[in-house]
Every structure is written in C-alpha cells, then in structure tokens.
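The values are calculated or read from the model by the stated rules, or taken from the named source; none is laboratory data. The shown structure was predicted, so the numbers you read here are calculated from the model rather than taken from an experiment. Heads up, the Cβs are rebuilt from the backbone with ideal geometry, glycines too, and the neighbour counts pull from every protein chain shown.
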C-alpha cells in the first residue's frame, strides 16, 4: 500500500506556477535575467568574459536573494522593513518600567552615622580636592 506523508503545517505550502517556482520567484528571476544578461553582453567586449561574468553575477545575486530568502514566513523586504523600523525610525524606549517593591521595605536613604559626622566636620567651601 502506498504511503503519502501530509505536512502538519499547511501555511508553508505555496502554489507553484511554472518550473516548480512561485510567482514571486519567477518575477525575481526574470528581473535578474533582465539585469544580468544585457550587462554581460554589453561589457564582455570591454572588460573581458571573466570580468563581465563576475559583474553579471554580482548584479544578479540581490535578485536571487530577494526570491529565495524567507524568515519566519516573511520575505526579505518585510524583514528588512521591520529591521529599519526597529533600529532607525522608532526610538528605543522601554514601554514598561518595573517598580522595585523591596525598596519600600528597606530604607536605603539612611546614611551611616560616621559618614554623617564626617560630612558635618567639613568646612562649607572646601570640597576636599587638591
């Protein structure tokens, strides 16, 4: 009898259009081809085949990255937008500050008796620094 495994998390399943690629991947790979192929064809006579190929790869890699990278179900531009919001646009403030309930039980403002006498002996204009 044939056994077919069914994934538990159905949110990661995406519909494929052509060549087992999603619509997003097809658009990004098409954009990479529109950028990379003319770059290679126009620059290979000027800078040589190897350098033109490396330039083409360098220009196409960001498009491949946008097509393939996904973190926690979010594409790269949404992840990048969240990073920019958290680090640059919005100030880093703590939304909630806790109160120390133990500070009410202990009186931390009391000074030691010897320190209080030492402060009282100092002359009113001298700081003790040389």
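Points to keep in mind about this one:
- Flag for residue 79 being closer than 30 Å to residue 25 by Cβ, part of a helix (DSSP H, G or I) and either modelled with pLDDT under 70 or in contact with a strand residue (DSSP E or B) (Cβ under 7 Å, 6 or more places away or on another chain) (or both): yes
- Considering segment 34-63, and only residues there that are closer than 21 Å to residue 23 by Cα and surrounded by 16 or more Cβ atoms within 10 Å (Cβ to Cβ), the residue that is farthest from the chain's Cα centre (by Cα) turns out to be 36.
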